[in-house]
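Take a look at the structure below.
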Amino acid sequence: MNEIKHTYSAESLDENTVDRNPLILFRRWLDEAKAAGIHLSEAMTLATSTSDGKPSARLVLLKQVDEHGLVFFTNYNSQKARELDANPQAALVFYWPQLERQVRVEGNVERIAAADSDTYFKTRPRESQIGAAASPQSDVVASREVLEQRFRELEKSYEGREVDRPPHWGGYRLKPDRIEFWKGRPGRLHDRILYARQTDGNWIVSRLAP
């Protein structure tokens, strides 16, 4: 089988000159991915596991990033939420192939405040609000018609007024303790820069072999 050949850019990552705060570098990379026109540049693979270590993964959308961590939203009754409640540790992966960049994030996860979930919910398109209320996410349903019927019922129920955030829907924040930045380089000698958070909150920066 022939190996697929890649042509990597000369851009590099230097552990001695990168910003000491990984979230600053992450925000810059995310902004550059958006500026490059990468579709759904905020998409990330979220890996969770059960309390006995059985893993699962799916794509979700990053909705907020700040000094406290990375925020996403979901149904609190979904598989991912049940696993996070039982084992509040998770991993995220961002991949922007056009820029030859990848970011891996690991850390503990917690639910955000209900008021913050309310604030974000109000910014969603109305159809998405109703959809969040209508869908018993991850449960078995008899047919698509059942979902659409429930959607129509809620649409009629909320006619002329704001849609309430369902109590089973809200946000999680992953508080990172490890963040790795990967940059493709020629000869498969890729740059891998690891940030590891210490107990005092500071970050140790090191280079990993590709």
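The values are calculated or read from the model by the stated rules, or taken from the named source; none is laboratory data. Keep in mind the model is a prediction, meaning the values are calculated, not measured. Reconstructed Cβ throughout: ideal geometry from the backbone, glycine too, with neighbour counts over all protein chains shown. Accessible surface areas use protein heavy atoms only, side chains included; no ligands, DNA or RNA. Shrake-Rupley method; radii C 1.70, N 1.55, O 1.52, S 1.80 Å.
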Residue match in segment 127-140 (condition: open to solvent by less than 40 Å² (accessible area, probe 1.4 Å) and closer than 30 Å to His190 by Cβ): no
Residue satisfying all of: in segment 61-86; open to solvent by 20 Å² or more (accessible area, probe 1.4 Å), aliphatic (A, V, I, L, M) and within 25 Å of Pro167 (Cβ to Cβ); nearest to the chain's Cα centre (by Cα) among these: Leu61
Hits in segment 55-78 (condition: of a type in the set (A, V, I, L, M, F, W, C) and free of Cβ contacts under 8 Å to residues at least 40 places away in the same chain): Ala57, Leu59, Val60, Leu61, Leu62
Out of Asp31, Asp14, Asp19, sole residue that is outside any strand (DSSP E or B), at pLDDT 95 or above and not hydrophobic (A, V, I, L, M, F, W, C): Asp31
Enumeration of residues in segment 159-205 that are touching a helix residue (DSSP H, G or I) at 6+ places or on another chain (Cβ under 8 Å) and basic (Lys, Arg): Arg165
